[in-house]
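Okay, structure first, notes after.
The values are calculated or read from the model by the stated rules, or taken from the named source; none is laboratory data. What you are looking at is a predicted structure, and each value in this text was computed from that prediction instead of being measured. Every residue, glycine among them, receives a Cβ derived from its backbone with ideal geometry; neighbour counts consider all protein chains shown.
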Amino acid sequence: MKLRLLDVAVEDLMEGAHYYDAKEAGLGDYFLASLYSDIEKLATFGGIHPLAYPHIHRALSARFPFAIYYSIQGDEVLVRAIIGCRRSPAWIRRHIQP
């Protein structure tokens, strides 16, 4: 399947990278590399993760407490958001719903 990240998902990634860089120099780069690796796996495994909302799957990152919210549209995995798992469910719902 093809992968496509919405602009809001890219912004979420950058926000997470800035957060981790503030904690320790270079950790933001490791965060980005780890999350991009998790996202790339969706090209093969997209659709196997549980539905968090109607038509929106949630995949957990392997190394960071972040979730990748995505939907399947034809032969494309559409990454809608990448959100820290400590966010409130109400905030997450508002963030990923169109």
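(1) in a helix (DSSP H, G or I); (2) of a type in the set (D, E, K, R); (3) under 20 Å from Met1 (Cβ atoms): which one isn't true of Arg58, the others all being true?
It fails just one condition, (1).
When you look at His49, is it surrounded by fewer than 18 Cβ atoms within 10 Å (Cβ to Cβ), modelled with pLDDT under 95, touching a strand residue (DSSP E or B) at 6+ places or on another chain (Cβ under 8 Å) and under 24 Å from Trp91 (Cα atoms), yes or no?
So His49 does not fit the description; no.
What number of residues within the stretch 1-16 satisfy the criterion of being more than 12 Å from Ile83 (Cα to Cα) and either touching a residue at least 24 places away in the same chain (Cβ under 8 Å) or among the small types (Gly, Ala, Ser) (or both)?
Residues meeting the conditions: 6.
Out of the stretch 69-84, which residues are under 15 Å from Leu51 (Cβ atoms), of a type outside the set (S, T, N, Q) and over 8 Å from the mean Cα position of the chain (by Cα)?
Ile72, Val77, Leu78 - these are the residues of the stretch 69-84 that are under 15 Å from Leu51 (Cβ atoms), of a type outside the set (S, T, N, Q) and over 8 Å from the mean Cα position of the chain (by Cα).
Within the stretch 10-17, does at least one residue satisfy the condition of being more than 15 Å from the chain's Cα centre (by Cα), more than 22 Å from Asp75 (Cβ to Cβ) and either in a strand (DSSP E or B) or modelled with pLDDT of 95 or more (or both)?
no
Cβ-Cβ below 8 Å, separation at least six or inter-chain, first residue in the stretch 53-66 and within 11 Å of Ile96 (Cα to Cα), second surrounded by fewer than 18 Cβ atoms within 10 Å (Cβ to Cβ) and of a type in the set (S, T, N, Q): which pairs?
Within 8 Å, the pairs are Tyr53/Gln97.
Being more than 11 Å from the chain's Cα centre (by Cα), closer than 23 Å to Ser88 by Cα, exposed (fewer than 12 other Cβ atoms within 10 Å of the Cβ) and of a type in the set (A, V, I, L, M) is the requirement here; does Ala25 meet it?
Against the criterion (more than 11 Å from the chain's Cα centre (by Cα), closer than 23 Å to Ser88 by Cα, exposed (fewer than 12 other Cβ atoms within 10 Å of the Cβ) and of a type in the set (A, V, I, L, M)), Ala25 does not qualify.
Looking only at the stretch 72-98, which residues are touching a residue at least 12 places away in the same chain (Cβ under 8 Å) and surrounded by fewer than 19 Cβ atoms within 10 Å (Cβ to Cβ)?
Residues satisfying the conditions are Ile72, Asp75, Glu76, Gly84, Cys85, Arg86, Arg93, His95, Gln97.
All but one of (1) part of a helix (DSSP H, G or I); (2) in contact (Cβ under 8 Å) with a residue 60 or more places away in the chain; (3) within 11 Å of the chain's Cα centre (by Cα) hold for Tyr36; which doesn't?
With (1) part of a helix (DSSP H, G or I); (2) in contact (Cβ under 8 Å) with a residue 60 or more places away in the chain; (3) within 11 Å of the chain's Cα centre (by Cα) applied to Tyr36, the lone miss is (2).
Condition test on Phe64, is it more than 18 Å from Leu13 (Cα to Cα) and aromatic (Phe, Trp, Tyr)?
For Phe64, the condition - more than 18 Å from Leu13 (Cα to Cα) and aromatic (Phe, Trp, Tyr) - is not met.
Select from the stretch 41-52 the residues that are in a strand (DSSP E or B) and without any contact (Cβ under 8 Å) to a residue 12 or more places away in the chain and list them in ascending order.
Result: Leu51, single match.
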